[in-house]
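Reading through the structure tokens given below for one structure.
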Amino acid sequence: MQITEQMEEILEALWVAREEKNTDCLKLAWLREMPDTRMLKELIDERIVERCGAEEIKMTTRGAQLASDAVRRHRLAERLLTDVLAVRKEMIHETACQFEHHLHRGIDQNVCTLLGHPKTCPHGRPIPPGRCCEEGVRIAPQAVSPVSHLKPGQTGQVAYLSTTDPKRAQLMLSMGIVPGTHVKLLSNFPSLFFELGESQFAVDKEMAKEIYVRIESA
């Protein structure tokens, strides 16, 4: 059976609900994309979802994998639209919903590699890893890379910050490291020393791995 775009939307809604509610058994009322009776029957017949209560369903192993793939494509599309195409924030979700269906298996790996295997979408939600992430594949030049990948003399524009540590994020922001700012690496040993506007800063290598930039010059 071919998985339709409507089915993928349902699976994405189930995945997001599971993230938000932290439970496998999900109430249908929680879903933003509600399956109609016919669609729900098809999903159950294909063993993509199963009932776990009168008004509750959960994804099967197969369903969870399909949902993971769909969510991965959507969030990679959001990352691509934000980091490379500079699409306005208010247009990202709707555009990604249309764009994700064109990221077929294989193409999504190329996009992921191009972006440097990002771990989160622009909204901070985790991007399910693909085989390319697990194998560290680098089959195309990366459009967005950690600032630690810059060579002395190279410049880049900050694309996004990838940290779950609030204190570290606050430190970056206090230094003026925000999306859109330009940095120039001056030295990468013993710590990374770079120029930001008229100021110069040093950060350790762990923090440098969390600052993603679009490389601008050699």
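Read-outs: derived from the displayed coordinates by stated rules, not from any lab. Just so it is clear, the structure is predicted and the values come from calculations on it, not from any experiment. We place every Cβ from the backbone using ideal geometry, glycine too, and count neighbours over all the protein chains shown.
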| query | aspartates and glutamates near LYS27 by alpha-carbon distance under 17 Å, same-chain residues fewer than 8 away left out - which ones? | reply | GLU9, GLU12, GLU19, ASP36, GLU50, GLU55, GLU56
| Residue pairs, from the table LYS58/LYS119; LYS184/LYS205; LYS119/LYS167, whose Cα atoms sit over 21 Å apart | LYS58/LYS119
| Which aspartates and glutamates, on any chain, are close to LYS209 with Cα under 16 Å apart, when same-chain ones fewer than 8 places away are left out? | ASP165
| Gaussian network model of the chain, Cα within-10 Å springs - most flexible of CYS132, CYS52, CYS112 | CYS52
| task | Show me 196-208, 39-51 ranked by packing, highest mean number of other Cβ atoms within 10 Å first. | result | 39-51, 196-208
| Taking the chain as a Gaussian network, Cα atoms linked when under 10 Å apart, which of THR120, THR23, THR82 shows the biggest mean-square fluctuation? | THR23
| note | Checking SER191, SER174, SER145 against a Gaussian network model of the chain (alpha-carbon springs below 10 Å), the top fluctuating residue turns out to be SER174
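With +1 on each Lys and Arg Cβ and -1 on each Asp and Glu Cβ, how big is the dipole of the stretch 144-217 about its Cα centre, in debye rounded to the nearest 20? Write down the numbers at each step before the final one.
Working: 7 positive and 7 negative charges, 24 e Å.
Computed about the Cα centre, the dipole is about 120 debye.
What is the local net charge at ILE127, summed over the other residues whose Cβ is closer than 14 Å to its Cβ (Lys, Arg +1; Asp, Glu -1)? If you can, show how the numbers build up before the last one.
Working: positive: ARG72, ARG73, ARG75, ARG79, LYS119, ARG125, ARG131; negative: GLU12, GLU19, ASP69, GLU78, ASP83, GLU100, ASP108, GLU134.
Combined, the nearby Lys, Arg, Asp and Glu give -1.
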